[in-house]
Amino acid sequence: MKLIIGWHNGGSRWRRNESRMTVLSFTVHPAFTRRRDSWRSVNAAITKHEPPGDAHGHEPARSETETFPCPTAPPTWTLYLLVAALGTAMFAIALSGYPNLMDNERRVGSYVLDAVQNGRWIVQHDVTGAVASKPPLLMWIAGLATLAFGEINRFALYLPSALATVGVALLLLAAGKRQFDWRSGLLGAVIYLLSAAGARQMVTARYDGLLALPVTLAALAAFRAWSLGRGWTWFWLAGAIGTLAKGPIALVLGAGGLLAHFWERRTGHETRLRGSHWPGVLLFLGICGGWFALAYMEAGSPVIQKMLGRELAAHATGTGRHETVLLGFYEPPWSFLKEFGPWSLVAVVAWWRVWNDPARASATRRFERFLFCWFFSGLVLFCVAAHQRGRLIFPLIPAAALLAGRELGRWVQLWSTKRLICATSGLGVLVLASLMLYHHVLLGRSRRVRTTLGMREVAAAVRECWGERFPLVHVDTPFALQFYLNTAWPLASFERAAQLLQQDYPAYVCVSDYDKLLAQLGPETPALREIARWPAQGPPVVRIVGNRPPGDKSSRIATLYGPLLVRLDRLELVKTKGHDLVVRRGDGAGEISVLNQSPFDQPVRIRVVSSASGRADAVLERVLAPAETWRLPLEDAGKG
């Protein structure tokens, strides 16, 4: 690259094409533009040329060469630290703001608590009893965080997506620095984080933000294997991780960039897809097939019907979902322009440049086309699919971010390193301030946020009145209440809740549609007492009602746990885990009875612990037939 500047000897102004001027030739060695050498301190050469002797016989001026150091990239660790710090600050701001647990948190939270409290780590169920709709990777990460804290919280729930978002940004920095230059990598990573999509992924309990990480890993591994002719195992491993996040769509999205192979061949460039896939395929089948086999053994045919039928096939074709293929074809492009704006417009310019003016360097051109195909192959796939949601394009945004970062790098190529870092940091501060305003001020006006805060108040009142793990029956209440109670009790039907309240045992029910519960109770409605409600004024979102005033925890009480009706007399239900009921003895003799209200056989295991030692004094098991009752009297612990 050469920049020629003319300097007029007779003055201090820049002019062109003067008869007597000094010509400065600014020459940058090609090695300076290579990705690896761009980190080195490269000296550029300035050569001063004088025009040859004129007609008067003057001697030609001699050439002089001077060198000066070009601005170098900052240390690698500072770039990674900057990106990681931005992501961490975004997560902290979102997490410390107003909570909103009225979206997909009800599903993911149910799955996490089902795994942690009931031991179902292979396949989970929500509070309605339905099997999980997605593979368990997100739940595994959130579940481990929940175990570390001892109870579920928003940090554990949002950690998987936030970690994946920061991980993708760091991958973009590394890939951009390697394939383009450090400016492109830094800008691509930063605009990915600071976009609306990046901000949403920081505080969401959905799978698309998590899916973006294995898709990015698979895509970069595929490009590396295509370039080297080996190493496909890493692609299949990343695809397996993505499949455990949201299904085999991860493998398809990660491989979309390989369409650039045919683009290269069509434009007359030599390229081949070489290397063996068998080790990677076997690894993929071993990981994903092994998990699916275990899930089928544990939950049976509902796993196939839910994950492969209602989720995978129905989302693609719209069968049974009142959705049609191609009906919402405009939704993915519009979502991209909106969620990645304003950088989506820069990405459009970058795509035009890739199509009309590709890079001359072979490796750079191939990577540009790979990113182009990665994005548009996935975009076409989502446009054709019947199921349309704006967040589905999140795994495609990294490809657009890298190309947009490269385009921005061209625009600021004359900036000094200090100026670029300051501008990037300033943009980060501006976005962080906006997020602070949104999460800590504006979001407080949301109805969903107010409901979430109300459920937190009700949970605090329940804990204060009855303590931890009180066997409260939930009918149709928002999951946010159980979230703050750290429980995942299966929801009971209105009919079973009404029957429970009509019995002589004390029972307490939490309900939203109170009129529907009264309709199930009929004309002989027992005297119900309202224990708590929210809000205190106006139509309540939830009520807690009982057929007795709240008594001591060790007195008689009845509750519903899944298909079982459990009655306790001078015993405390301290824990439930799958089919296990853990009860603690009181001061005197007590009794527990379990009635199977389902049309199927139900295994039941009762563990009895003493209040003194806390260890299990007895473990009894039994399989209850439909409508069968198991009564178990327990003697005084002192006599045992």
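The values are calculated or read from the model by the stated rules, or taken from the named source; none is laboratory data. Treat the numbers as computed from the prediction; the structure is a model and nothing was measured. Positions of Cβ are generated from backbone atoms using ideal geometry, with glycine treated the same way; all protein chains shown enter the neighbour counts. The protein model used for the area step is the full one, side chains on, heavy atoms only, and it has no ligands, DNA or RNA in it. Shrake-Rupley method; radii C 1.70, N 1.55, O 1.52, S 1.80 Å.
Things worth noting here:
- Selection from the stretch 618-640 of residues that are at pLDDT below 90, among the acidic types (Asp, Glu) and open to solvent by less than 80 Å² (accessible area, probe 1.4 Å): Asp636
- Residues (assigned to a loop (DSSP other than H, G, I, E, B), of a type outside the set (A, V, I, L, M, F, W, C) and open to solvent by 10 Å² or more (accessible area, probe 1.4 Å)) located in the stretch 195-215: Thr204, Arg206, Tyr207
- Test: residue in the stretch 411-423 that is more than 22 Å from Leu82 (Cβ to Cβ) and either open to solvent by 40 Å² or more (accessible area, probe 1.4 Å) or assigned to a helix (DSSP H, G or I) (or both): no
- Within the stretch 216-237, the set of residues being within 17 Å of the chain's Cα centre (by Cα) and open to solvent by 10 Å² or more (accessible area, probe 1.4 Å) comprises Leu217 only.
- All conditions but one from (1) without any contact (Cβ under 8 Å) to a residue 40 or more places away in the chain; (2) closer than 30 Å to Val215 by Cβ apply to Leu408; the one that does not is (1).
- Considering residues of the stretch 458-475 that are open to solvent by 50 Å² or more (accessible area, probe 1.4 Å) and closer than 21 Å to Leu500 by Cβ only, the residue nearest to the chain's Cα centre (by Cα): Arg469
- Just one of the listed residues (Leu396, Leu371) is touching a Gly at 6+ places or on another chain (Cβ under 6 Å) and open to solvent by less than 10 Å² (accessible area, probe 1.4 Å), namely Leu396.
- Within the stretch 108-117, being within 14 Å of the chain's Cα centre (by Cα) and not hydrophobic (A, V, I, L, M, F, W, C) holds for one residue alone: Gly109.
- Qualifying residue in the stretch 92-103 (condition: surrounded by fewer than 19 Cβ atoms within 10 Å (Cβ to Cβ), of a type in the set (D, E, K, R), modelled with pLDDT under 95 and on the phi < 0 side of the Ramachandran plot): yes
- Positions within the stretch 260-307 being open to solvent by less than 50 Å² (accessible area, probe 1.4 Å), in a loop (DSSP other than H, G, I, E, B) and either without any contact (Cβ under 8 Å) to a residue 12 or more places away in the chain or in contact with a Leu (Cβ under 9 Å, 6 or more places away or on another chain) (or both), in sequence order: Gly275, Gly300
- The set of residues in the stretch 424-436 that are among the aliphatic types (A, V, I, L, M) and open to solvent by 50 Å² or more (accessible area, probe 1.4 Å) comprises Leu427, Val429, Leu430, Ala433, Met436.
- Condition check for Leu430: over 16 Å from Gln179 (Cβ atoms) and over 23 Å from the mean Cα position of the chain (by Cα): yes
- Tally, over the stretch 531-551, of residues that are within 15 Å of Val475 (Cβ to Cβ) and of a type outside the set (A, V, I, L, M, F, W, C): 5
- Qualifying residue in the stretch 107-122 (condition: assigned to a helix (DSSP H, G or I) and over 21 Å from Leu485 (Cβ atoms)): no
- Considering Trp355, Trp343, the condition of being without any contact (Cβ under 8 Å) to a residue 24 or more places away in the chain and open to solvent by 30 Å² or more (accessible area, probe 1.4 Å) is satisfied by Trp355 alone.
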